[in-house]
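Written below as structure tokens is the structure these notes are about.
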Amino acid sequence: MTRNINKIVLITGASSGIGEATARELVAAGACVFIGARRGERLKALAEELGENAAWRELDVTDGAAFEAFAAAAEERFGRIDVLVNNAGVMPLSPLAALKRDEWKRMIDVNIHGVLNGIAAVLPRFIEQQDGHIINVASIAARIVMPTSSVYSATKHAVRAITEGLRQEHDLIRSTLISPGTTATELGHDVTVPEIADMLEASFKTGLTPDVIARAICYALEQPKNVDVNEIVVRPVAANI
């Protein structure tokens, strides 16, 4: 299907996985993308591959000032911002009894504060231009809780609540929650419990590929201006949760 997404899109967590796939899909659909992540060398290579409609800047989403500078750089490069895709996230699953306090804090900082920092960076701009679209990439963990996912699910439930609150507070700004099922990305590479790491590796073999989620994001973006796709849940066919 031919797409024409003539928008300026910020994407976080764009050095791999869903963020990288989304950048590729959007540029192919006619958008300009400004990509951010902590791994600058990967961003540089991706932007060079995608050409003049892509630019990059290193970004730690937990740093509010850095996110504001990221948005300002995108605006300077492309003239405006139409969309933010809050995609950066971490998923070091573990049972609560393992007491992985540092991992709990990291998930809260990246998965919740990172999303809020992104919203804070673009929302005043969207209010002023009376237009904009914020897409938050969550997870099926925004709808369920499983053993070892308590804290991760809590962060994604929070993202779901934030996205719904944003929708209700602003009539002229669209908000979309994308909730992927098992998707083969680098998410979970930082799991420190060996048996959980093995389980994730096995599940990824039958999971979705990142381009599937990228197409869901494009679907939300290509709708008419008066249509707000509030939530998209995408699971592998064989998933039972």
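Connecting C-alpha atoms closer than 10 Å in a GNM of the chain, tell me which of Gly132, Gly19, Gly51 has the biggest fluctuation.
Of Gly132, Gly19, Gly51, the most mobile in the Gaussian network model is Gly51.
Under a point-charge model restricted to the Cβ atoms of Lys and Arg (+1) and Asp and Glu (-1), what is the dipole moment magnitude of the chain relative to its Cα centre, in debye to the nearest 20?
380
Extension gain Glu58-Val145, at 0.36 nm per residue separation less the Cα-Cα distance, in nm?
Value of the extension gain: 28.1 nm.
Using a simple charge model, +1 on the beta-carbon of Lys and Arg, -1 on the beta-carbon of Asp and Glu, nothing else, what dipole does region 16-62 show about its Cα centre, in debye to the nearest 20?
For region 16-62, the charge dipole is close to 120 debye.
Give me the log10 of I(q) over I(0) for region 173-238 at q = 0.14, 0.15, 0.19, 0.26 Å⁻¹, as the Debye formula computes it from C-alpha points; what are the numbers?
Debye curve over Cα of region 173-238, log10 I(q)/I(0) at q = 0.14, 0.15, 0.19, 0.26 Å⁻¹: -0.51, -0.57, -0.77, -1.08.
In a GNM of the chain with a 10 Å cut-off on Cα contacts, which of Asp198, Asp211, Asp82 has the highest mean-square fluctuation?
Taking springs between Cα atoms under 10 Å, the residue moving most is Asp198.
What list of ³J(HN,Hα) values in whole Hz, one per residue of region 36-46 in order, does the Karplus curve 6.51 cos²θ - 1.76 cosθ + 1.60 (θ = phi - 60°) give from phi, with Gly and Pro shown as x?
In residue order, the calculated couplings are x, 5, 7, 9, x, 5, 6, 4, 4, 5, 5 Hz.
Evaluate the distance, in nm, between pseudo-label points positioned 7 Å from the Cα of Leu116 and of Asp102 along their respective Cα→Cβ axes.
Reported label-point gap for Leu116 and Asp102 is 2.4 nm.
Could you give me the ³J(HN,Hα) list for region 69-76, computed from phi with Karplus coefficients 6.51, -1.76, 1.60 and θ = phi - 60°, whole Hz, x at Gly and Pro?
5, 4, 5, 5, 5, 5, 5, 5
Mind sorting Leu99, Leu50 by how few other Cβ atoms lie within 10 Å of their own Cβ, fewest first?
Ranking Leu99, Leu50 by Cβ neighbours within 10 Å, fewest first, gives Leu99, Leu50.
What is the distance in Å between the Cα centres of region 52-116 and region 143-200?
Result: 14 Å between the Cα centres.
Using Cβ contacts closer than 10 Å as the measure, can you line up Lys156, Lys105, Lys7 from fewest to most?
With the sparsest Cβ surroundings first, the list reads Lys105, Lys7, Lys156.
Would you mind ranking Val234, Val122, Val90 so that the residue whose beta carbon has the fewest other beta carbons within 10 Å leads the list?
Ranked by crowding around the Cβ, least crowded first: Val234, Val90, Val122.
Size of the dipole of region 13-145 about the Cα centre, Lys and Arg at +1 and Asp and Glu at -1 on the beta carbon, nothing else charged, in debye to 20?
500
All of the numbers you see were taken from the coordinates with simple rules; none came from a lab. Only a predicted model underlies this, so the values are computations on that prediction, with no experimental measurement involved. Every residue, glycine among them, receives a Cβ derived from its backbone with ideal geometry; neighbour counts consider all protein chains shown.
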